[in-house]
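The values are calculated or read from the model by the stated rules, or taken from the named source; none is laboratory data. Bear in mind that the values here come from a model prediction, so they are computed numbers and not experimental data. Please note: Cβ atoms are built from the backbone with ideal geometry, for glycine as well, and neighbour counts cover all protein chains shown. With ligands, DNA and RNA removed, areas are computed over all heavy atoms of the protein, side chains included. Shrake-Rupley method; radii C 1.70, N 1.55, O 1.52, S 1.80 Å.
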Amino acid sequence: MKSLLLTGIGELTTNDDELGEIAGAALVIEGDRVAWAGPADRVPAADSRVDLGGRAVLPGWVDSHTHLVFAGDRTAEFTARMAGFPYTAGGIAVTVAATRAASDAALAAGLRRHVAEAISQGTTCLETKTGYGLTVADELRSATLAATYVDEVTFLGAHVVPPGWDAGDYVEFVCGDMLAAVAPHVRWADVFCEAGAFDEDQSRAVLKAARDRGLGLRVHGNQLGPGPGVRLAVELDAASVDHCTHLTPSDVDALASSDTVATLLPACDLSTRSPLPDARALLDAGATVALASNCNPGSSYTSSMAFCVATAVLQMRMTVAEAVRAATWGGARALRRESGAGAVGVLRPGARADLHVLDAPSATHLAYRPGVPLTHAVWQRGVRVR
């Protein structure tokens, strides 16, 4: 197996407690794994070498919350929202109708395009959800398409109650026939625990049914207002609760004393003109925080993790180091992929060789130069993809 030495690294962010952040660094890739990382004056021999010219290197972004299997467009909804109409859960039905009407080829083409867009900006590990089909056949095809192109797939049959359904009957359907069909093709299940979607009892029923099928749990919670999402996620030991826009002190304490990651989606809050989450309170309390794009056609149509990082630093009082860690290691932790062989979100021996090279000497430039495209090169699983 041939090895590649990357030298001339101005600043290397490893997210490893022992290696830390290394100035004047080098890194060796063998196959799809990191083989060595450390100071440039201690480099081992390698078969080939690339000089990065003093650029910063960090783990590839780990985007742990997206909705990429969809068709259609919701620019009219966005325009109305910018004119003062509030965001509600009901707009999802527009995307559901378009997605059901789309061919498999059209859905696959859209998914490939969005994945390629994300990779070009340094995202090397992606989660995406079903949830725009809401029939057995459409949820199943969303899951199988997603599994072809992304690292992690989440079942979100409990996105909204489709028109014409009684909420109780639909929850029973999700927990029964739909879950049975989709579960073999996904690793996670999620529920939109929010006013206008599913209440606490309905959400608990969906999550428990998914857990009984062996799926890991995620929760959309506390987006549109205070609610039971965080409490329910912690109660059921969900890997993450996502949005966390409206948190009470007890929510913060619950997250800080649990293994549930608080995944913040700042691009969504900006797009819906909602308050930004109190990242500082979560971090100061000791909670684990992730940043993700929530890329979807309705409330957050961006795949730019760099935009999320800059927003977190400039408007949410996170330091650059905290925001970069949340968008890499935090996302990996939300997907339970931050440790062991082939870990993502970290750069240490044995981790997956997912690297994001910035056209800048340090990660600080992600917030110092907001909006400027800084991705110079991307390695994914040891292969240069940009």
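Per-structure values
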| read-out | value |
| --- | --- |
| Test: residue in region 325-341 that is surrounded by fewer than 21 Cβ atoms within 10 Å (Cβ to Cβ), modelled with pLDDT of 95 or more and closer than 23 Å to Val372 by Cα | no |
| Matching residues in region 74-101 - criterion: being crowded, with 19+ Cβ neighbours inside 10 Å and without any contact (Cβ under 8 Å) to a residue 60 or more places away in the chain | Thr99 |
| Members of region 37-58 found to be under 14 Å from Val357 (Cβ atoms), open to solvent by less than 50 Å² (accessible area, probe 1.4 Å) and either outside any strand (DSSP E or B) or basic (Lys, Arg) (or both), listed by number | none |
| Members of region 10-32 that are farther than 17 Å from Gln380 by Cα and either aromatic (Phe, Trp, Tyr) or out of contact with any helix residue (DSSP H, G or I) (no Cβ under 7 Å at 6 or more places or on another chain) (or both) | Gly10, Glu11, Asp16, Asp17, Glu18, Leu19, Gly20, Glu21, Ile22, Ala23 |
| Filter result (open to solvent by 10 Å² or more (accessible area, probe 1.4 Å), assigned to a strand (DSSP E or B) and of a type in the set (Gly, Ala, Ser)) within region 21-36 | Ala23, Gly24, Ala35 |
| Residue count, region 286-332 (criterion: aromatic (Phe, Trp, Tyr), in contact with a strand residue (DSSP E or B) (Cβ under 9 Å, 6 or more places away or on another chain) and not in a loop (DSSP other than H, G, I, E, B)) | 1 |
| Odd one out for Ser300, checked against (1) touching a residue at least 40 places away in the same chain (Cβ under 8 Å); (2) of a type in the set (S, T, N, Q); (3) open to solvent by less than 10 Å² (accessible area, probe 1.4 Å) | (1) |
| Residues satisfying the stated conditions in region 346-364, i.e. of a type in the set (Gly, Ala, Ser) and either part of a strand (DSSP E or B) or open to solvent by 20 Å² or more (accessible area, probe 1.4 Å) (or both) | Gly350, Ser362 |
| Selection within region 59-73 - closer than 29 Å to His376 by Cβ and either open to solvent by 10 Å² or more (accessible area, probe 1.4 Å) or part of a loop (DSSP other than H, G, I, E, B) (or both) | Gly60, Ser64, His65, His67, Leu68 |
| Subset tally (residues that are farther than 27 Å from Leu236 by Cβ and out of contact with any His (no Cβ under 7 Å at 6 or more places or on another chain)) for region 281-309 | 8 |
| So Ile92, is it of a type in the set (Val, Ile, Thr) and not in a helix (DSSP H, G or I) | no |
